[in-house]
Amino acid sequence: MLNLYNSFTKSLEKVELSSDDVKVYLCGPTVQSSPHIGHGRSSVVFDFFIRYLKYLNYNVSFARNITDIDDKIIIKSSEQNIGFKELANKISKEFEQAYSNLNCLSPDFEPKATEYIDEIIVYIKQILDKDMAYVSESGVYFNTAAFTDYLKLSGRKLEEVISGTRVDIQDDKKAPEDFALWKFAKEGEPYWESTWGKGRPGWHIECSAMINTILGEEIDFHCGGNDLIFPHHENELAQSKAAYPNKNFVKYWLHNGMINLSGKKMSKSEGNVKILNDYIDEYGGDVMRFYFLRAQYRSPQEFSEDLLIESQTTFNKIAEFIKDTKPGPIDKNLINLFEECMGDDLNTPKLIGEIFLQINNSTKLDHLIQNDLKATIRYIFHTLGFTFLKAETEQLSDEKLANYFDNYGIIFESIEQAMNEYIIIREQHRTNEEYEIADVMRDSLLKIGIKIEDGKKDDWSWNNN
RNA sequence: GGCGACGUGGCGGAGUGGCUACGCAGCGGUCUGCAAAACCGUGUACACCAGUUCGAUUCUGGUCGUCGCCUCCA
């Protein structure tokens, strides 16, 4: 049982798919500037979704595009005095790194707009042939008046859209709400040849054309941030329905909520973006994923570094609880809860609550049953794409360790040997009641990932888990 | 201005017509070095005002407030 909120019908719907082969398209980034937390949310949240579809034994075809040509890229690259391709490549690499560090599944297809120019041109022709677009002085435009279902997805009224459009420049459009399929190149702008003239594709057409080329005329899920509903997805839908009027372009539209900073949406126009890779480097992919798991994917989510630290604390608690276990779906009760939560529009915060309830109750259970629970929790987190690997900065390198132990006059050979000597030094301080020194030693050691736990007198243990 | 969403304890965040969500922080305790960690215990919160109801945080209406979209945006 999987219920999901469909933005098109604006209601929770039971997901019913005619085939086990499922097609998913996720609107990827325009590679104009470094990925921020919001990009992270979208990719992780839909990664949970795709992994869950796979868990349900669907055979998923997953495509996520890269918009590597658009007005912003042109402007930014000329500001930086580099080619638009250079900028797009550079930013694409940053996204690639983020996806990989967040352990997001690689898409089966990752089309770039500039690699599908021919298909885009063919697609525009199809729309022109149906008289739903026209060529004007500045480009080729979609004729919204010819498409009766326009604005059905976003639920807007035409007047609102018109009042919102900028009146400047493109006055060669038939109607202000018409949008560009192909923009003719101005002096110095990159361009591709087309039958209408040199230019580049509009923002929305690439998705329609690439979906059509790669996944086909109909797909099951179309995902993206809810800020894309209008105009991007609205226009995409219009184009696709114009080109293929008898096809049901998308069965379920899924949209994630935005990241907020102190209650305000984080966005480029607000200038309050937080760079994703900085936080991944510091906290690691698992903690970032867990942070995103804490909110239901459609709700707005608060972001602050404190919340990231809190996520780290909470996640470590779970990791500590299940350490030394292998994943296995043994505890049927918890598996049922898992499916219940995920089936309820991917209610991951509820899932976390249920898991903690189980952990809290488990102290009363005997070891065997508790181990079943641990294995199941690990299984669930593995299913959702958690690795339980340390963040890179927390990995212990020999060099780092040697450096650290050198401060105490210990020559590092192995971690066991060094720790043995280290403990002797520290215990001496404790015996001498030089607790401040002992505490500094313990705290500084924790910073390089080794935890000392003092027990009774002369009793201690350490680990680098 | 139009359309939409939301308003839960210090923070984050689920949920329900009547029964502890959960996590973090805090507080109390055990242990201890009047420490850290660990462990145990601990919180009658649901914007406001009416209405429906035996009973509403949960349903209905209104008020106030916040946020989003309407312009590039995940």
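The values are calculated or read from the model by the stated rules, or taken from the named source; none is laboratory data. In this text the structure is predicted, and so the values were computed from the model without any measurement. Cβ: placed from backbone, ideal geometry, glycine included. Neighbour counts: every protein chain shown.
Laid out as a table, the results:
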{"quantity": "Number of the exception - A:Phe321 against (1) buried (at least 17 other Cβ atoms within 10 Å of the Cβ); (2) over 24 Å from A:Arg41 (Cα atoms); (3) more than 12 Å from RNA strand B (Cβ to nearest atom); (4) of a type in the set (A, V, I, L, M, F, W, C)", "calculated": "(3)"}
{"quantity": "For A:Tyr279: the one exception among (1) away from RNA strand B (no atom under 15 Å from the Cβ); (2) in a helix (DSSP H, G or I); (3) of a type in the set (Ser, Thr, Tyr)", "calculated": "(1)"}
{"quantity": "Residue among A:Ser78, A:Ser92 that alone is away from RNA strand B (no atom under 11 Å from the Cβ), of a type in the set (S, T, N, Q) and at pLDDT below 95", "calculated": "A:Ser78"}
{"quantity": "Residue match in region A:108-123 (condition: within 14 Å of RNA strand B (Cβ to nearest atom), buried (at least 21 other Cβ atoms within 10 Å of the Cβ) and assigned by TED's automatic domain parsing to the domain that holds A:Glu234)", "calculated": "yes"}
{"quantity": "Qualifying residue in region A:133-149 (condition: within 14 Å of A:Glu177 (Cα to Cα), within 33 Å of the chain's Cα centre (by Cα) and among the hydroxyl-bearing types (Ser, Thr, Tyr))", "calculated": "yes"}
{"quantity": "Residue match in region A:363-382 (condition: touching a residue at least 60 places away in the same chain (Cβ under 8 Å), among the β-branched types (Val, Ile, Thr) and either within 16 Å of RNA strand B (Cβ to nearest atom) or assigned by TED's automatic domain parsing to the domain that holds A:Lys323 (or both))", "calculated": "no"}
{"quantity": "Residue in region A:400-414 that is under 28 Å from A:Tyr279 (Cβ atoms) and surrounded by fewer than 13 Cβ atoms within 10 Å (Cβ to Cβ) present", "calculated": "yes"}
{"quantity": "Members of region A:366-380 found to be out of contact with any Ser or Thr (no Cβ under 9 Å at 6 or more places or on another chain) and under 24 Å from A:Asn101 (Cα atoms), listed by number", "calculated": "A:Tyr379, A:Ile380"}
{"quantity": "Scan of region A:219-275 for residues that are free of Cβ contacts under 8 Å to residues at least 24 places away in the same chain and either on the phi > 0 side of the Ramachandran plot or in contact with a strand residue (DSSP E or B) (Cβ under 9 Å, 6 or more places away or on another chain) (or both), ordered by number", "calculated": "A:Glu270, A:Gly271, A:Asn272"}
{"quantity": "Residue in region A:37-46 that is away from RNA strand B (no atom under 15 Å from the Cβ), at pLDDT 95 or above and either under 17 Å from the mean Cα position of the chain (by Cα) or buried (at least 23 other Cβ atoms within 10 Å of the Cβ) (or both) present", "calculated": "no"}
{"quantity": "Selected residue (only one of A:Lys251, A:Lys265 is of a type in the set (Lys, Arg) and more than 15 Å from RNA strand B (Cβ to nearest atom))", "calculated": "A:Lys251"}
{"quantity": "The one condition in (1) assigned to a helix (DSSP H, G or I); (2) touching a helix residue (DSSP H, G or I) at 6+ places or on another chain (Cβ under 6 Å) that A:His255 fails to fulfil", "calculated": "(1)"}
{"quantity": "Residue count for region A:14-36, restricted to those that are farther than 22 Å from A:Tyr279 by Cβ and buried (at least 16 other Cβ atoms within 10 Å of the Cβ)", "calculated": "7"}
{"quantity": "Residues within region A:82-107 that are part of a helix (DSSP H, G or I) and surrounded by 17 or more Cβ atoms within 10 Å (Cβ to Cβ), tallied", "calculated": "10"}
{"quantity": "Conditions (1) at pLDDT 90 or above; (2) within 16 Å of RNA strand B (Cβ to nearest atom); (3) under 23 Å from A:Ser77 (Cβ atoms); number of the one not met by A:Gly225", "calculated": "(3)"}
{"quantity": "Test: A:Ser208 is in a loop (DSSP other than H, G, I, E, B), crowded, with 18+ Cβ neighbours inside 10 Å, assigned by TED's automatic domain parsing to the domain that holds A:Ser19 and of a type in the set (Gly, Ala, Ser)", "calculated": "no"}
{"quantity": "Index of the failed condition, A:Lys268 passing every other in (1) assigned by TED's automatic domain parsing to the domain that holds A:Ser154; (2) part of a loop (DSSP other than H, G, I, E, B)", "calculated": "(1)"}
{"quantity": "Residue match in region A:286-300 (condition: assigned to a strand (DSSP E or B) and farther than 29 Å from A:Lys447 by Cα)", "calculated": "no"}
{"quantity": "Members of region A:324-349 found to be of a type in the set (A, V, I, L, M, F, W, C), within 9 Å of RNA strand B (Cβ to nearest atom) and under 18 Å from the mean Cα position of the chain (by Cα), listed by number", "calculated": "none"}
{"quantity": "Residue under evaluation A:Leu357, criteria (1) within 16 Å of RNA strand B (Cβ to nearest atom); (2) within 33 Å of the chain's Cα centre (by Cα); (3) surrounded by 13 or more Cβ atoms within 10 Å (Cβ to Cβ); (4) aliphatic (A, V, I, L, M), criterion not met", "calculated": "(3)"}
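Conditions (1) among the aromatic types (Phe, Trp, Tyr); (2) under 30 Å from A:Met1 (Cβ atoms); (3) outside the structural domain of A:Ser18 (by TED's automatic domain parsing), marked per residue:
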position	(1), (2), (3)
A:Phe46	yes, yes, no
A:Ala63	no, yes, no
A:Ile66	no, no, no
A:Ser77	no, no, no
A:Ile82	no, no, no
A:Gln97	no, no, no
A:Ser100	no, no, no
